[in-house]
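Peer 1: Can you keep this structure in mind? I'll have questions shortly.
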Amino acid sequence: MQIETRLPKVGTTIFTVMSQLALEHKAINLGQGFPDFEPPQKLRDALTRAMNEGRNQYAPMSGIPKLREQVALQVDRLYGRRISPDTEVTVTSGATEAIFAAIACAVHPGDEVIVLDPCYDCYEPAIALAGGKAVHVPLKLPDFSVDWQRVRDELTSRTRLIMVNTPHNPSGAVFSQGDLEMLAEIAEQHGLLVISDEVYEHIVFDGMQHMSMSRKPELAERSFVISSFGKTWHCTGWKVGYCVAPKQLTAEFRKVHQYLTFCTFQPAQWAFAEMMETDPQHARELAGFYQAKRDHFRGLLAGSRFKLTPVRGSYFQLADFSAIRDTDDLNFCEWMVREAGVAAIPVSAFYEVAPDAKLVRFCFAKSGETLQAAAERLCSL
């Protein structure tokens, strides 16, 4: 039997490829974006307690009420927006599921979706499966800022929504207040929906504020705002995220969600709810925690031949390797695994058409020992 593929441009993701290479060469994996340290012990204890208390069957489709209430309280506390936990918050099986469900409920065959390159690799496949077309608008180099005039130029009568990501993966750029103003103006003028990938919402550095769509009422009323408990609590493998959206958008979102995963791992929901209620400091301290890792990693690489780009948020560092080797970024990453025993991600993997830039992405969500060992190898190149 043969089946005609619905995703002809999709193969094995670059994250899987580089992680496999790292395993084969016993390399230090700074490629895939996951911490190599454990979640807080209190969170793990709360998970165990929830399982032992019998929270092991199906959760409510939209998420347990206590967790949705904590999300609503957080949105109010951080962004000054009051939302209903019953009709505007949905717990999902990871942010990727939330992104897929938002696209599936909002995009119809023939619709166009603006995506800003470089962008995370799950966006375009979901758009294609919905019958839509991804319209790629490159961010401006070297600072990965949005060219809002270029966005305007790409709008057509078929444009349905725009996808944004702040703090940005892979660059670490963050939206400014001006970006929110421009996006709100464009979305209102053209009747666009917005999907905002905010999984690194608590990881913004140097005293800057995270510019969530939830901060601006004109954007919040037309946005699916998506975040991740796994990124916040160092447990990416638990795959729990959430989507905040107005009542009407949430109703459509849940129509897809209920037939996609129906519900999400219940013990983890109780654990996150308990921690958000009893340890709100964790999220507040996350920026400082990761800023220290950013600064430590950058300091360790100060003597290398890599040229490091600024990082305003997330836990990724881009590095220009042009002084080391004259090749494309994929070949460089493959060579670096073999030569230095360190895995990274080629930035071209995040583009439809990659620019002439020699950049790789390192993840610094690692222990000090891991960063030290990796930096020693990288400084030898």
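Coordinate-derived values only; no laboratory data. All values reported here derive from a predicted model rather than from experimental measurement. Cβ sites come from the backbone with ideal geometry, for glycine too, and all protein chains shown count toward neighbours.
Peer 1: Name the trypsin sites (Lys or Arg not before Pro) in the range 299-359 that are in a loop by DSSP and that have at most 16 other C-beta atoms within 10 Å, would you?
Peer 2: Here the trypsin sites (Lys or Arg not before Pro) that fit, given the DSSP loop and packing criteria, are 305, 325.
Peer 1: May I ask you to derive the FRET efficiency for residue 9 and residue 339 from their Cβ-Cβ distance with R0 = 25 Å, giving the value to the nearest 0.05?
Peer 2: On the way: r = 30 Å, r/R0 = 1.21.
Between residue 9 and residue 339 the formula returns 0.25.
Peer 1: Over the range 126-242, what is the mean sequence separation of C-alpha contacts under 8 Å (at least six apart), divided by residue count, expressed as relative contact order in percent?
Peer 2: 20 percent
Peer 1: Quick query: amide H of residue 28 versus all other amide H atoms, modeled in the peptide plane; which residues come in under 5 Å with a sequence gap of 5 or more or a different chain?
Peer 2: Counting only residues 5 or more places away or on other chains, the set is 342, 343.
Peer 1: Still on this structure, please answer the following. Got a sec? Charge dipole of the chain, +1 on Cβ for Lys and Arg, -1 for Asp and Glu; which of 331, 243, 1 is way out at the positive end?
Peer 2: Of the listed residues, the answer is 243.
Peer 1: Determine which lysines satisfy two conditions relative to residue 140: a Cα distance under 26 Å, and not lying fewer than 8 residues away in the same chain.
Peer 2: Within reach: 9, 216, 307, 358.
Peer 1: For the range 1-57, which trypsin sites (Lys or Arg not before Pro) are in a loop by DSSP, counting at most 13 other Cβ atoms within 10 Å? Please report the intermediate quantities before stating the final value.
Peer 2: Numbers: sites: 6, 9, 26, 42, 44, 49, 55; in loops: 6, 9, 26, 55.
Loop-located and lightly packed - 6, 9, 26.
Peer 1: Also, quick follow-up: Residues with beta-carbon under 15 Å from that of residue 36, excluding residue 36: net charge, scoring Lys, Arg +1 and Asp, Glu -1?
Peer 2: On the way: positive: 26, 231, 293, 366; negative: 38, 369.
Result for the neighbourhood of residue 36: +2.
Peer 1: Please check the chain for the longest run free of GluC sites (Glu not before Pro) that are loop-located per DSSP (anything but H, G, I, E, B) and have at most 11 other Cβ atoms within 10 Å. Intermediate results must be reported in sequence, preceding the final value.
Peer 2: On the way: sites that count: 4, 53.
The reported range is 54-381.
Peer 1: Calculate for the chain the 222 nm mean residue ellipticity that helices alone would give, adding -39,500 (n - 2.57) per DSSP H run of length 4 or more and normalising by residue count, nearest 500 deg cm²/dmol.
Peer 2: Values: 14 runs with 156 residues, N = 381.
The helix contribution divided over the chain gives -12500 deg cm²/dmol.
Peer 1: If you build a Gaussian network model of the chain, linking Cα atoms that sit under 10 Å apart, which residue out of 225, 174, 75 swings the most?
Peer 2: 75
Peer 1: Here's another thing I want to ask about it. With unit charges on the beta carbon (Lys/Arg positive, Asp/Glu negative), name the residue among 93, 192, 54 whose Cα is farthest towards the positive pole of the charge dipole of the range 41-279.
Peer 2: 54
Peer 1: To continue, here is another question. Give the longest segment of the chain that steers clear of chymotrypsin sites (Phe, Trp or Tyr not before Pro) in DSSP loops with at most 15 neighbouring Cβ atoms within 10 Å, not counting the sites themselves.
Peer 2: Here the longest run is 59-261.
Peer 1: Rounded to whole Hz and in sequence order, give me ³J(HN,Hα) for the range 156-161 from the Karplus expression 6.51 cos²θ - 1.76 cosθ + 1.60, θ = phi - 60°, writing x for Gly and Pro.
Peer 2: Listing the rounded values in order: 9, 5, 8, 5, 9, 8 Hz.
Peer 1: Rounded to whole Hz and in sequence order, give me ³J(HN,Hα) for the range 362-372 from the Karplus expression 6.51 cos²θ - 1.76 cosθ + 1.60, θ = phi - 60°, writing x for Gly and Pro.
Peer 2: Rounded to whole hertz, the list is 9, 9, 9, 7, 9, 5, x, 5, 5, 5, 4.
Peer 1: Continuing with the same structure: What are the residues whose amide H is under 5 Å from the amide H of residue 145, where those residues sit 5 or more places off or on another chain and H is modelled from the backbone?
Peer 2: Under 5 Å from the amide H of residue 145: 140.
Peer 1: If you don't mind, another one. Please list the radius of gyration and Dmax for the chain, considering alpha-carbon atoms only, with Å as the unit.
Peer 2: Both quantities, over Cα of the chain: 20.4, 58 Å.
Peer 1: Send over the Kirkwood Rh of the range 53-179, from the inverse of the averaged 1/r over different Cα pairs, rounded to one decimal Å. List each step's numbers first, then the result.
Peer 2: On the way: mean 1/r = 0.0597 Å⁻¹.
Answer for the range 53-179: a Kirkwood hydrodynamic radius of 16.8 Å.
Peer 1: How big is the dipole moment of the chain about its Cα centre under a simple scheme where the beta carbon of each Lys and Arg is +1, that of each Asp and Glu is -1, and everything else is neutral? Debye, nearest 20, please.
Peer 2: Values: 39 positive and 46 negative charges, 104 e Å.
Approximately 500 debye in magnitude.
Peer 1: Mind listing the long-range amide H neighbours of residue 117? Cut-off is under 5 Å, sequence gap 5 or more, other chains count too, H placed in the peptide plane at 1.01 Å from N.
Peer 2: Close amide H contacts, sequence-distant or interchain: 137, 139.
Peer 1: What relative contact order, as a whole-number percentage, does the range 41-279 give when Cα pairs under 8 Å and 6 or more residues apart are counted?
Peer 2: Numbers: 441 pairs, mean separation 72.5, N = 239.
Value for the range 41-279: 30 percent.
Peer 1: Now for a different question. So how far apart, in nm, are the two label points at residue 258 and residue 278 if each is 7 Å from Cα heading toward Cβ?
Peer 2: 3.4 nm
Peer 1: Okay, moving on. Suppose R0 equals 35 Å. What FRET efficiency, 1/(1 + (r/R0)^6) with r the Cβ-Cβ distance, do residue 1 and residue 153 give to the nearest 0.05? Display every interim value, and only then the final one.
Peer 2: Details: r = 45 Å, r/R0 = 1.28.
Approximately 0.20, to the nearest 0.05.
Peer 1: With θ set to phi - 60°, apply the Karplus curve 6.51 cos²θ - 1.76 cosθ + 1.60 along the range 70-80 and write out the HN-Hα couplings as whole Hz, x wherever there is a Gly or Pro.
Peer 2: Per-residue couplings from phi come out as 5, 5, 4, 5, 5, 4, 5, 5, 8, 10, x Hz.
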